[in-house]
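The values are calculated or read from the model by the stated rules, or taken from the named source; none is laboratory data. All values derive from a computational prediction rather than experimental measurement. Cβ: placed from backbone, ideal geometry, glycine included. Neighbour counts: every protein chain shown.
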Amino acid sequence: MRQISILTTLFTLSLSMVYAVVERKYTQKEYIDQWKSVAVSQMIQSKIPASITMAQGILESGYGNSVLAQKANNHFGIKCHEWKGATFFIDDDKPNECFRNYRNASESFKDHSEFLTGRSRYANLFTLKITDYKGWANGLKAAGYATNPKYPHLLIDLIERLNLHDLDKAAIETSNPIEYIANTSGANSSAAASQHTVLLHSNNIKYVVAKKGDTFFRISKEFKMGLWQLYRYNDYGDRKDVLEEGDIVYLQPKRRRSKHNSTFSVTNPISLRMISQLEGIKLSSLMDKNMVASPDDLLNKGEKVNLR
């Protein structure tokens with residue numbers, strides 16, 4: 001009887017530990033800190049304002065604390081529609097509605113971008129200025145993303161109250177850099193002197209976003225790094241020292257695999273070299289994982305790229 005009692009106690013403790021993990025509550029700061037770099041990366045790739053992505057994620061998931069976010073990793077309330085993946089059923093506008101169920105929250109952020117870029121009813125949004133978060137907020141409601149008549153106001157309030165528009169500035173040129181990570185040791189000893197915002201990629205790598213007229217040489221001097229380091233970290237090889245506005249420039253070595261995603265789904269023409277920069281994975285590692293002749297060949301829509 002004593003042995004059974006001990007086993008029962010252990011089982012109860014195990015269950016309580018599982019539920020404690022599932023029911024973990026994220027604070028406002030924790031949620032923003034965890035997903036802001038993903039929102040910025042999605043803005044660079046898909047031209048959706050990072051402020052809008054973050055505000056929608058916050059509103060739809062309650063800072064990652066909703067049942068849908070906790071149980072199905074769905075941070076944007078996207079329903080099944082033509083979805084062929086795993087599903088999750090929960091009461092919403094109607095009882096027992098079908099929602100998309102993701103393996104991890106990173107997939108939810110990526111699918112949110114694909115959802116907006118892949119549907120004609122959202123096409124007018126991409127004619128707006130990318131910093132026009134108010135236009136985007138109103139356009140999402142007009143296109144039928146949400147039924148709540150206050151949806152645009154709620155998004156705009158979050159963006160302005162939490163300064164989420166600063167994330168948009170992190171993806172384009174800004175004259176007022178903002179520190180997004182506390183420790184920049186190894187990149188620059190004086191964060192206040194930096195002309196670029198230092199961001200932390202979801203693959204745990206520090207990077208900056210190039211401004212108009214930037215070069216690797218200029219950035220190497222700003223962060224007191226060797227030019228060869230930036231070339232190596234960004235798989236630049238022997239190409240000319242030219243950067244385009246919006247390019248990701250890593251200040252640390254990229255990883256050999258993705259921390260969050262197993263594959264990358266191609267939605268727009270993109271090369272393996274571009275994916276290497278977006279995902280923070282070494283180009284040589286991606287070449288080993290995928291049967292691609294040249295890292296600069298454009299991949300077709302619908303192709304899958306292995307990230308692990």
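Here are some notes:
- Residue within region 129-140 that is in contact with a helix residue (DSSP H, G or I) (Cβ under 6 Å, 6 or more places away or on another chain), of a type in the set (S, T, N, Q) and either without any contact (Cβ under 8 Å) to a residue 24 or more places away in the chain or farther than 30 Å from GLY302 by Cβ (or both) present: yes
- Pick from region 228-256, criterion hydrophobic (A, V, I, L, M, F, W, C) and touching a residue at least 40 places away in the same chain (Cβ under 8 Å), ranking: surrounded by the fewest Cβ atoms within 10 Å (Cβ to Cβ): VAL249
- Lone unmet requirement of (1) surrounded by 11 or more Cβ atoms within 10 Å (Cβ to Cβ); (2) assigned to a loop (DSSP other than H, G, I, E, B); (3) in contact (Cβ under 8 Å) with a residue 40 or more places away in the chain for GLU107: (2)
- Boolean, LEU59 is in contact with a strand residue (DSSP E or B) (Cβ under 7 Å, 6 or more places away or on another chain), surrounded by 15 or more Cβ atoms within 10 Å (Cβ to Cβ) and under 23 Å from SER202 (Cβ atoms): no
- Selected residue (only one of ILE58, ILE48 is of a type in the set (Val, Ile, Thr), part of a helix (DSSP H, G or I) and either at negative phi or at pLDDT below 90 (or both)): ILE58
- Qualifying residue in region 204-212 (condition: touching a Gly at 6+ places or on another chain (Cβ under 6 Å), modelled with pLDDT of 75 or more and not in a strand (DSSP E or B)): yes
- Within region 246-255, at least one residue is over 16 Å from VAL209 (Cβ atoms) and out of contact with any Leu (no Cβ under 7 Å at 6 or more places or on another chain).
- Failed criterion for GLY280 (all others in (1) touching a His at 6+ places or on another chain (Cβ under 6 Å); (2) closer than 27 Å to ARG119 by Cα hold): (2)
- Restricting attention to region 257-308, the residues that are without any contact (Cβ under 8 Å) to a residue 60 or more places away in the chain and in a helix (DSSP H, G or I) total 13.
- For the criterion of being of a type in the set (A, V, I, L, M), surrounded by 14 or more Cβ atoms within 10 Å (Cβ to Cβ) and at pLDDT below 90, ALA192 fails.
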